[in-house]
Amino acid sequence: MPATLSHSLADQGIATDATIHANLDSAQLTEHALKNGEGRRAKHGPLVVETGKHTGRSAKDKFIVRNAETEDTVWWDNNASMTPAHFAALKEDFLAAVGRKDALYVADLFGGSQPEHRVKVRVINELAWHNQFIRTLLVRPTADELADFTPEYTIIDLPSFKADPERHGCRSETVIAVNLEEKLILIGGTKYAGEMKKSVFGVLNYLLPPKGVMPMHCSANIGPDGKTAVFFGLSGTGKTTLSADASRTLIGDDEHGWSDTAVFNFEGGCYAKMIRLNPEAEPEIFATTRMEGTVLENVVMDENGEIDLDDNSLAENTRGAYPLSSIPNTSDENMGPPPSNVIMLTADAFGVLPPIARLTPDQAMYHFLSGYTAKVAGTEIGVTEPEATFSTCFGAPFMPRHPSVYGNLLKERIAKGEVTCWLVNTGWTGGKYGTGSRMPIKATRALLNAALDGSLNDAEFRKDENFGFEVPVSVAGVDDTILDPRSTWADKGEYDATAQKLVQLFVDNFRPFADHVDQGVRDAAPQAARLTA
């Protein structure tokens, strides 16, 4: 191994005689993965791999070490804890497992594109394709930056490691253990590569708020006018699709920071869902499935190397990891100016919310802390009608601090930057799921374009009778009827009852946050519900 890297690993307590493959490029890592039998090459170039039984994050197997550093700073209602003694035992066994490896793959990378707010991360893998994945997803240093790279955080990822719940204080043989005091993350018992990416996101979500920087689970792009928009949204709401607009410059599709001077991507790549990807609706993303350097997870491929993006026999959560440079019209610096517009996306399967609404800063914080979308009937066993899903800050699993920390930061930045905030419903209209129809994408794009170019601010607005936010009455190129959800329902009484049900779900969900926000945010609760809550 390189002498400098050997010395550096020894300084981190990592003793191994393994052959160290350090900071290889994507092509070299692909060749190692193929040689090691970790995956196969598709006909058109991508590396195709399988992650086994773990085809998504193991949220219940993630732990933060509870110690002096984290006792009063971590939101323990949302994050499972591990004792320092259990982590010490886990670390001892992890390092012993590392020492037994014949080969290791090491990548030195940045989490974050803005130099003054990024974190230096060293990732150590037993699988070459895992190293290729994280090299793709994080920000790659230049040769000069690598020359004197000293990691601040280290991730050791060993899918072959099997945790002992009794000895290690975990739940199963799978473990993701984060020690923020030792700046060490141990991932074992899972081949799902997304655990590494989200671990770095969690670290930045912990480090940045005390610096006044807002970490965000969002996509972001820049318009022809040079103004930035950010798009919050849970899975299935259109966060990636709506931000990948050929007329706008993409900053990133998933994780960003909002500082005094910029919106900056935490990553250097994208991690997109591939299942049933439509080449006509998302041509830029589809093109990456035919490029060398892309890693396709759990995508079915036949013996001739042809992939089938519609086949979910390995997983519904099929994924593709590719560099941002694979997408045309992306930001060279992975950054843009602070946002002029904030878009909060929801797929309302109840058919109650309007296709677009303008929010005050207090309403924006309320809906940000709510993080609402809805599951539809048939997506899970036993779900027979729309089911509300609330994930605070549009990313609760990745938030180590209390949601009010992020919510107050967002409110402050919205007020300071005079940012316009919008709630966009990409869900249903004319009735709930099963009765109504999906919101026309043409209408959503027309409304979004009007919001982003500023023309929507000149429209006439009405006050929504249930949620109190402002809804445009008429917008050029959009059917006026669709702007008033109640008018699209055949049974107005059923709409009123469904609206009240959704309103009450919002109020019930928000109760744990009420004591952590000011009166203005509490007053932003749905109006009809305040009379009955």
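The values are calculated or read from the model by the stated rules, or taken from the named source; none is laboratory data. All values derive from a computational prediction rather than experimental measurement. Methodologically, a virtual Cβ is constructed for each residue, glycine included, from the backbone with ideal geometry; neighbour enumeration extends over all protein chains shown. Surface accessibility is based on the protein's heavy atoms, side chains included, excluding ligands, DNA and RNA. Shrake-Rupley method; radii C 1.70, N 1.55, O 1.52, S 1.80 Å.
Key figures
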quantity	calculated
Of residues in region 232-247 being open to solvent by 10 Å² or more (accessible area, probe 1.4 Å) and either among the acidic types (D, E) or out of contact with any helix residue (DSSP H, G or I) (no Cβ under 8 Å at 6 or more places or on another chain) (or both), the one nearest to D348 (Cα to Cα)	G236
Extreme residue, least open to solvent (accessible area, probe 1.4 Å), among residues of region 120-132 that are free of Cβ contacts under 8 Å to residues at least 60 places away in the same chain and under 15 Å from A15 (Cα atoms)	N125
Residue check for I285: part of a helix (DSSP H, G or I), of a type outside the set (D, E, K, R) and surrounded by 18 or more Cβ atoms within 10 Å (Cβ to Cβ)	yes
Selection within region 320-359 - charged (D, E, K, R), surrounded by fewer than 24 Cβ atoms within 10 Å (Cβ to Cβ) and under 30 Å from P386 (Cβ atoms)	R358
Hey, F394 in contact with an Asp or Glu (Cβ under 9 Å, 6 or more places away or on another chain) and either open to solvent by less than 20 Å² (accessible area, probe 1.4 Å) or at pLDDT below 90 (or both) or not	no
Scope region 475-498; condition over 20 Å from A347 (Cα atoms) and open to solvent by less than 60 Å² (accessible area, probe 1.4 Å); matching residues	V475, G493
Flag if V521 is open to solvent by 20 Å² or more (accessible area, probe 1.4 Å), in contact with an Asp or Glu (Cβ under 6 Å, 6 or more places away or on another chain) and on the phi < 0 side of the Ramachandran plot	no
Of the criteria (1) among the acidic types (D, E); (2) farther than 26 Å from T389 by Cα; (3) buried (at least 23 other Cβ atoms within 10 Å of the Cβ), which one E255 fails	(2)
Filter result (over 21 Å from the mean Cα position of the chain (by Cα) and not in a loop (DSSP other than H, G, I, E, B)) within region 297-339	V300, M301, I307, D308
Test: L359 is closer than 28 Å to H32 by Cβ and at pLDDT 95 or above	no
Meets criteria (farther than 21 Å from T435 by Cβ, part of a helix (DSSP H, G or I) and free of Cβ contacts under 8 Å to residues at least 24 places away in the same chain) for D496	no
Positions within region 12-32 being in a loop (DSSP other than H, G, I, E, B) and of a type in the set (A, V, I, L, M, F, W, C), in sequence order	I14, A15, A18, L24
Output for region 501-527, where each listed residue is under 29 Å from G431 (Cβ atoms) and not in a helix (DSSP H, G or I)	A524, A525, P526
Subset of region 163-186 [on the phi > 0 side of the Ramachandran plot and either without any contact (Cβ under 8 Å) to a residue 60 or more places away in the chain or crowded, with 24+ Cβ neighbours inside 10 Å (or both)]	K183
Filtered residues of region 401-435 (kept if open to solvent by less than 30 Å² (accessible area, probe 1.4 Å) and over 23 Å from P472 (Cβ atoms))	P403, S404, Y406, G407, L409, L410, R413
Positions within region 499-515 being more than 26 Å from P440 (Cβ to Cβ) and open to solvent by less than 60 Å² (accessible area, probe 1.4 Å), in sequence order	Q504, V507, N509, F510, F513, A514
Residue list for region 414-462, filter: free of Cβ contacts under 8 Å to residues at least 60 places away in the same chain, of a type in the set (S, T, Y) and more than 16 Å from L353 (Cα to Cα)	S455
Residue list for region 250-282, restricted to those being within 15 Å of the chain's Cα centre (by Cα) and part of a loop (DSSP other than H, G, I, E, B)	D253, D254, F266, E267, G268
Filter result (of a type in the set (D, E) and either in contact with a helix residue (DSSP H, G or I) (Cβ under 7 Å, 6 or more places away or on another chain) or under 24 Å from G56 (Cα atoms) (or both)) within region 143-188	D157, D164, E173
Qualifying residue in region 210-228 (condition: farther than 19 Å from L137 by Cβ, without any contact (Cβ under 8 Å) to a residue 60 or more places away in the chain and surrounded by fewer than 18 Cβ atoms within 10 Å (Cβ to Cβ))	yes
Test: residue in region 452-459 that is in a loop (DSSP other than H, G, I, E, B), surrounded by 15 or more Cβ atoms within 10 Å (Cβ to Cβ), under 31 Å from the mean Cα position of the chain (by Cα) and not aromatic (F, W, Y)	no
Helices (runs of 4 or more DSSP H) contained entirely in region 132-228, each with at least 3 residues that are under 26 Å from L314 (Cα atoms) and of a type outside the set (K, R)	194-207
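Matching residues to (1) modelled with pLDDT of 95 or more; (2) over 30 Å from L127 (Cα atoms):
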residue: G226; (1), (2): yes, yes
residue: T249; (1), (2): yes, yes
residue: H256; (1), (2): yes, no
residue: A281; (1), (2): no, yes
residue: T294; (1), (2): yes, no
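The rows are residues; the columns are (1) touching a residue at least 60 places away in the same chain (Cβ under 8 Å); (2) within 22 Å of the chain's Cα centre (by Cα); (3) open to solvent by 20 Å² or more (accessible area, probe 1.4 Å).
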residue: N36; (1), (2), (3): yes, no, yes
residue: E69; (1), (2), (3): yes, no, yes
residue: L90; (1), (2), (3): yes, no, no
residue: F94; (1), (2), (3): yes, no, no
residue: G99; (1), (2), (3): yes, no, yes
residue: V106; (1), (2), (3): yes, no, no
residue: R118; (1), (2), (3): no, yes, yes
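One line per residue, one yes/no per condition, for (1) touching a residue at least 24 places away in the same chain (Cβ under 8 Å); (2) crowded, with 18+ Cβ neighbours inside 10 Å:
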{"site": "R57", "(1), (2)": "yes, yes"}
{"site": "T83", "(1), (2)": "yes, no"}
{"site": "P115", "(1), (2)": "no, no"}
{"site": "I134", "(1), (2)": "yes, yes"}
{"site": "T142", "(1), (2)": "no, no"}
